1. With the structure loaded, tell me whether residue 12 is surrounded by 24 or more Cβ atoms within 10 Å (Cβ to Cβ), touching a Gly at 6+ places or on another chain (Cβ under 8 Å), in contact (Cβ under 8 Å) with a residue 60 or more places away in the chain and among the β-branched types (Val, Ile, Thr) or whether it fails that test.
2. Here is a check on your reading of the model: is residue 4 at pLDDT below 90, within 25 Å of residue 246 (Cα to Cα) and part of a helix (DSSP H, G or I)?
3. Residues that are among the hydrophobic types (A, V, I, L, M, F, W, C), surrounded by fewer than 18 Cβ atoms within 10 Å (Cβ to Cβ), under 29 Å from residue 84 (Cβ atoms) and out of contact with any Ser or Thr (no Cβ under 8 Å at 6 or more places or on another chain): does the stretch 128-149 have at least one?
4. Can we say residue 65 is of a type outside the set (Phe, Trp, Tyr), farther than 23 Å from residue 203 by Cα, at pLDDT below 95 and surrounded by 17 or more Cβ atoms within 10 Å (Cβ to Cβ)?
5. Listed residues 74, 24, 101, 64; which is within 23 Å of residue 248 (Cβ to Cβ) and assigned to a helix (DSSP H, G or I)?
6. Within the stretch 108-118, does at least one residue satisfy the condition of being of a type outside the set (A, V, I, L, M, F, W, C), surrounded by 19 or more Cβ atoms within 10 Å (Cβ to Cβ) and out of contact with any Cys (no Cβ under 6 Å at 6 or more places or on another chain)?
7. For the stretch 235-266, which positions are in contact (Cβ under 8 Å) with a residue 24 or more places away in the chain and aromatic (Phe, Trp, Tyr)?
8. Would you pick out the residues in the stretch 205-224 that are in a helix (DSSP H, G or I), crowded, with 24+ Cβ neighbours inside 10 Å and out of contact with any Gly (no Cβ under 6 Å at 6 or more places or on another chain)?
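The values are calculated or read from the model by the stated rules, or taken from the named source; none is laboratory data. Quick caveat: nothing in here was measured; it's all calculated off a predicted structure. Quick reminder, even Gly has a Cβ in these numbers, built from the backbone with ideal geometry, and neighbours come from all protein chains shown.
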Amino acid sequence: MLVFVQLVVSGVLLGGVYALAALGLNLIFGVAKVVNFAHGEFLMLGMYAGFWLMTTTGINPYFGAPLIAIVFFGVGLLFYAGLMRFTIYKPELTQVFATLGLGILLQNAALMAWSADYRTLQVMPAGWDSINVLGAFIPTNRLIAFAYSVAILAAVIVFLRTTFIGRAIEAVSQDLMSARLMGIDPNRVFLITFGLGIALTGVAGAVLVPSFYAFPSVGSFFVLASFVVVVLGGLGSVVGTIAGGLVLGLVETTVGYFAPDLKEATHFVLLIGLLTVRPHGLLGIKGAEKETLK
C-alpha cells in the first residue's frame, strides 16, 4: 500500500511538472496553430535564467519567477515580431523549419556561452530536501514546482475567461475569420499569445532548475514530454494540458518502478498510441489538429 501511495504522489507531482512545461507550447498552438519546435530551447533558457539569477544576485528562482516572466514575455514578443509573423500564414513546413532552426541556434549559442557542464541549484535548507506525508517521501523542490503549476494553470484559465484580451485570444483560437469580423486584430492577439506562451515557458524552466540539471540540450527531453502532454490532453486545450501531464506522470512513474529501462519509452508509446486512436487527445476538439490559419 505504501508503494502505491508513493507511486501516485510521485506521478502526480511529475505530471504537474510536465503540464507546466507544456503549457506555453499548447497555448501558442491553440491560438496560432504553430507547433514551436524551439519550445525546449526556450525552457532551457528559462532554466539558465533561474540558475544565473540566484548565482549572481542571490534571488531564489521561486521568488524571481515574476521577473523572469517579464523578461521572457519580451523575448516572446521578439520571437513573434522578428520571425513568426513572417511565417504565420505560410505552409506548416515553413514554420517547422523556422522554429527548428531557431532551436538549433539557441542550443548551440548556450553551448558556446556556458559550455556543456551540468548546473543545478540548492535552494532548500539542509534537512528540508523532502517531507514525509503518510509514509510517502515528497521532494520539496518537486512539490513547490507542482504548486507553481497549479497556480499558473489556474491563473491562465482565469485570464482567458475573464479578461478582454483573454476572450480575444479564445475567439481567435476558435474561429479566426469570425474574430476578424468582430473587430479583433489577430496580429495583436498572436503577438500577445507568443509573449505569454514564452513567458510561461521561461517561468517553467526557472522553477524546474532546482529539480533538474540545466545544460544546453536539456530541452530535447522536455520538448518530447511536452509534445506527449499536448497530444494526450488535446491540442489547444489548457485543461487538457493538466490531464495530459497527470496521465504521463502517473504512467511514467509506474513503468519506471517496475521496468526502469522502459521509462523513457513510455513517451513514444503514448504518443504513437494517441495519434493512432485519438489524435485530438482526451479533451481536445476533433479536427483541431488539422486546422490552419487562412
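1. For residue 12, the condition - surrounded by 24 or more Cβ atoms within 10 Å (Cβ to Cβ), touching a Gly at 6+ places or on another chain (Cβ under 8 Å), in contact (Cβ under 8 Å) with a residue 60 or more places away in the chain and among the β-branched types (Val, Ile, Thr) - is not met.
2. yes
3. Within the stretch 128-149 (the criterion being among the hydrophobic types (A, V, I, L, M, F, W, C), surrounded by fewer than 18 Cβ atoms within 10 Å (Cβ to Cβ), under 29 Å from residue 84 (Cβ atoms) and out of contact with any Ser or Thr (no Cβ under 8 Å at 6 or more places or on another chain)), the answer is no, since none of the residues qualifies.
4. For residue 65, the condition - of a type outside the set (Phe, Trp, Tyr), farther than 23 Å from residue 203 by Cα, at pLDDT below 95 and surrounded by 17 or more Cβ atoms within 10 Å (Cβ to Cβ) - is not met.
5. Testing whether each residue is within 23 Å of residue 248 (Cβ to Cβ) and assigned to a helix (DSSP H, G or I) leaves just 24.
6. no
7. Within the stretch 235-266, just 257 meets the criteria.
8. Result: 207, 208.
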